[in-house]
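For reference, the structure is listed below as structure tokens.
The values are calculated or read from the model by the stated rules, or taken from the named source; none is laboratory data. What you see is a predicted model, and the numbers here were worked out from it, not measured in a lab. Neighbour counts run over all protein chains shown; Cβ positions are idealised from the backbone, glycine included.
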Amino acid sequence: MPPETRFRCCNPYCLKGPVMGAIRNRTDMFATALAEAMIRWRWLVILATLVATFGFATGMPNLSFDTNYRAFFSDENPELAAFETFQATYTKNDNVLIVVRPADGNVFSADTLAVVEEITEASWQVPYAIRVDSLTNFQHTWSEGDNLIVEDLVRDARSLDRGDLLERRAIALNEPLLRNQLVTPDGAVTAVNIVLQYPELHSMEVPESVAVVRALRDRIEAEYPDIDIVLSGISMMNNAFMESGMGDMAKLIPLMYLVLLVIMMIAIRSWSGTLATLFLILFSTIVAMGSAGFLAIGLTPVSASAPTIVLTLAIADSIHVLMSMRQRMRDGLTKREAIIDAVRINFLAVSITSLTTVIGFMALNLSDSPPFGHLGTMTAIGIIAAWLLSITFLPAIVSLLPMKASPRKSDGKDATARMGQLAGWVTRNSRPVLVATVAGSAALIALIPTIDFNDQWVNYFDTSLEVRRDNDLALQDFGLYPIEFSVPAQSSGGIAEPEYLQNLDAFAAWARSQDNVTHVYSVTDIMRRLNRNLHGDDPDYYTLPDDRGLAAQYLLLYELSLPYGLDLNDRINIDKSASRLTVTLDNVTTEETKAFLDAAEAWLADNTPDYMHTSATGAQVMFAYVAERNVNSMISGNIIAVLAIGLVMILALRSLRLGALSLIPNTLPILTTFGVWALLVGTVGFSVAAVGAVSLGIVVDDTVHFLTKYRRARVERGADTAGAIRYAFETVGMAIVINTIILAAGFAVLALSTFKLNADMGLLTALAIVFALVLDFLLLPALLVELNKLTSRKTQSGENRDEDQSYQPAQ
């Protein structure tokens, strides 16, 4: 019985002609009725779409960038909690490091020191500055009789003669608190460190401070051409998060529109279809960003990539609907009939793919890093909007716009015929195809354990950004990764105990002996200097005091002599029951950082009393563990996503076997992608945790469209396995190819981001999408054939005799 007359249509919206009888279930009946209604009420649908989009757009002014790296850590993150406790005890270390490089390589010239004095004085005027440390205002101490003299190391530099300058040089290069911290051992480079404390009342505090510092740099370099200045520090990094995100949005979104429009024009060959799709993806993006504004989501470089991802994903549903429509028009249907039938045959598939993609992105909310959760929420909203628009707005507007399609070629050389040829080749060679794809996948997956986690957070930014170039230059002379220890004493005032000072000094000495350590700041260096000063500056007394009372007097005398803003509150807690020890590391990897942290805790445990045992904290500590913590938190998220998507597939396909089978081509692309990444790159950061959920929600789309068409051919058309596979290839194969090109191109554009986390996520996801196409065109049909052979020898014989016996051309 011909498929056109196999079923009787009982739907009042059923079409006449070739579509007659195609509607056999409630889903098709609903989709047909919906498409008919959208065409009938198209002007109202378009108006309602515009009004709703405008309503969401009113939330966009609420969007603002989060300019604090702490945004990458959840409130439950233990490393963040420890760091917040540490900073509540001591001074916050948000800072700007101004690195000064004189052309003659001599910091200790009168002219250069005068410039450092000028920068130091001007730095106090930077908004939110609470402390400024430099070579010139270092609090140098010496004795004068029984008096302790404390004053700036350099005052009025231009009045100093050669002898004075040599004396200052000798003092600075022999001072442990300056050497390798604010001046290089050869005296060629110095730095001014500005400590800032932001009230966190508005998002522009960091940019405000950075703007003033940059203006200061520009003025100094203009007035003193022989001085080169680079800017580094936490505040510069925080500001870079905003600059990188804004730069990506300004660069990547227009590029994404261009790429998508070119591909759409080539694929659909219709300016009207391309224009309709342009409106759809624009409206979807506005809904996503406006919703983020209403939800008070702070933008970061990660969440700011949501518009680019929404643009990429929103086009997928339109591609399937428009290409199906074009195929049906080439088969002879009118435009109205083709629109309705395109919605009918794609409604279930686009609904499933939208749902599974939403599940994948919403799984990001289980990430330990909030920006990835924000990205997931924003993208999920955009996907939902794109799905709604593709089944309402798209049919309505396309029905108004002119669209033509040339008749199908009869020479068998068009894209549909080529897809059918590919299907025939795969089904004829199913076993070798299955063995080859499984073996290749297994070989790549075996490489995954060789991947290393490495989060060097100062390298998150591309070298095209000034902050990255400046950080690289600063690293040549000073370390950039401070590791903080709050070392407790036994009681209030206990930091003056000789035992405490001896143990703390021994820990500082151990830290200085470790690889990758550039500087150690400990109060014991101050105590040694004070002991020497108060013994007539006798070098033999450059030791720690052996009496608690004497040590306490030294500290009190010293603190009373310090000027405002340069006290010891950033080094000693209020009741003097703990002191801060800072170890600065150079450009270390994550594993090197962890190795140092483990060694430090082990040394303290083995060599100090129990009361001195402590753990390190700081931004580098937080980033050292965030990749591992994020992966662990996302494992449950990925498991939930896999199970949810599998359940959706089983229910949608009404087949436990097909639903379970779909998990194989849906998970393998992600695993093989990591295998390729291990081979080509070898290291990943904490963004890798998001790739699994993102990729899973996307790569399942191809499988959904293929299997829904396969099942439609099996159930509605009575096709055998080979015939159903060919039907799936012919009806949806080219749409899957085009969709893959668009998605891969979209995420490849994201790989151009100046933010490394986005670039890595873009490249990994693009690779997974390409692998998904290969596996869905090779592994999936081969699995269907081989599994069918296992369950039915009779079917196998029939297929071998004539694989097209029960196949009917796609209608």
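Restricting attention to the stretch 657-689, and to residues there that are assigned to a loop (DSSP other than H, G, I, E, B) and of a type in the set (A, V, I, L, M, F, W, C), which single residue is farthest from LEU767 (Cα to Cα)? Steps first, answer last, please.
Step one: of the stretch 657-689, the residues assigned to a loop (DSSP other than H, G, I, E, B) are 681-682, 685-687.
If we keep only those that are of a type in the set (A, V, I, L, M, F, W, C) too, we end up with 681, 686.
Details: VAL681: 13, PHE686: 18 Å.
The qualifying residue farthest from LEU767 (Cα to Cα) is PHE686.
Every residue in the stretch 59-100 that is among the β-branched types (Val, Ile, Thr) and either assigned to a helix (DSSP H, G or I) or touching a Gly at 6+ places or on another chain (Cβ under 7 Å) (or both), please.
Scanning the stretch 59-100 gives THR85, THR89, VAL96.
For the stretch 185-228, how many residues meet the condition of being in a loop (DSSP other than H, G, I, E, B) and under 32 Å from the mean Cα position of the chain (by Cα)? Give the derivation first.
Of the residues in the stretch 185-228, the ones in a loop (DSSP other than H, G, I, E, B) are 185-189, 197-204, 224-226.
Filter again for under 32 Å from the mean Cα position of the chain (by Cα), leaving 197-204.
Qualifying residue count, the stretch 185-228: 8.
Out of the stretch 244-261, which residues are in contact (Cβ under 8 Å) with a residue 24 or more places away in the chain and surrounded by fewer than 21 Cβ atoms within 10 Å (Cβ to Cβ)?
Correct list: MET246, GLY247, MET249, LYS251, ILE253, LEU255, TYR257, VAL259.
All but one of (1) assigned to a helix (DSSP H, G or I); (2) under 40 Å from the mean Cα position of the chain (by Cα); (3) buried (at least 19 other Cβ atoms within 10 Å of the Cβ) hold for ASN365; state the number of the condition that does not hold.
Looking at each condition in turn, ASN365 falls short on (3).
Quick one: which of ILE352, ILE397, ILE383, ILE391 is farther than 19 Å from PHE283 by Cβ and either more than 19 Å from the chain's Cα centre (by Cα) or among the β-branched types (Val, Ile, Thr) (or both)?
ILE352
In the stretch 729-745, how many residues are out of contact with any His (no Cβ under 8 Å at 6 or more places or on another chain) and either within 15 Å of VAL426 (Cβ to Cβ) or not assigned by TED's automatic domain parsing to the domain that holds ALA423 (or both)?
Final tally of qualifying residues: 4.
Considering only residues of the stretch 538-554 that are of a type outside the set (Ser, Thr, Tyr) and either assigned to a loop (DSSP other than H, G, I, E, B) or touching a residue at least 60 places away in the same chain (Cβ under 8 Å) (or both), which is farthest from VAL523 (Cα to Cα)?
If we filter the stretch 538-554 for residues that are of a type outside the set (Ser, Thr, Tyr), which is where we start, we get 538-540, 544-553.
So of that shortlist, the ones also either assigned to a loop (DSSP other than H, G, I, E, B) or touching a residue at least 60 places away in the same chain (Cβ under 8 Å) (or both) come out as 538, 544-547.
Values: ASP538: 20, LEU544: 11, PRO545: 13, ASP546: 15, ASP547: 16 Å.
Only one residue fits best here, namely ASP538.
Residue by residue, here is whether (1) touching a Pro at 6+ places or on another chain (Cβ under 7 Å); (2) among the hydrophobic types (A, V, I, L, M, F, W, C); (3) modelled with pLDDT of 95 or more holds:
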site	(1), (2), (3)
VAL213	no, yes, yes
ASP218	no, no, yes
ILE229	no, yes, yes
MET236	no, yes, no
ALA240	no, yes, no
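So which residues in the stretch 464-515 are among the β-branched types (Val, Ile, Thr), over 20 Å from ILE234 (Cβ atoms) and within 30 Å of the chain's Cα centre (by Cα)?
Hits for the stretch 464-515: nothing passes.
Does the stretch 756-795 hold any residues that are in a helix (DSSP H, G or I) and polar (S, T, N, Q), and which are they?
ASN758, THR765, ASN788, THR791, THR795, listed by residue number.
What about ASN459, is it out of contact with any helix residue (DSSP H, G or I) (no Cβ under 7 Å at 6 or more places or on another chain) and either on the phi < 0 side of the Ramachandran plot or surrounded by fewer than 16 Cβ atoms within 10 Å (Cβ to Cβ) (or both)?
No.
What number of residues within the stretch 477-500 are in contact with a strand residue (DSSP E or B) (Cβ under 9 Å, 6 or more places away or on another chain) and either polar (S, T, N, Q) or part of a helix (DSSP H, G or I) (or both)?
4
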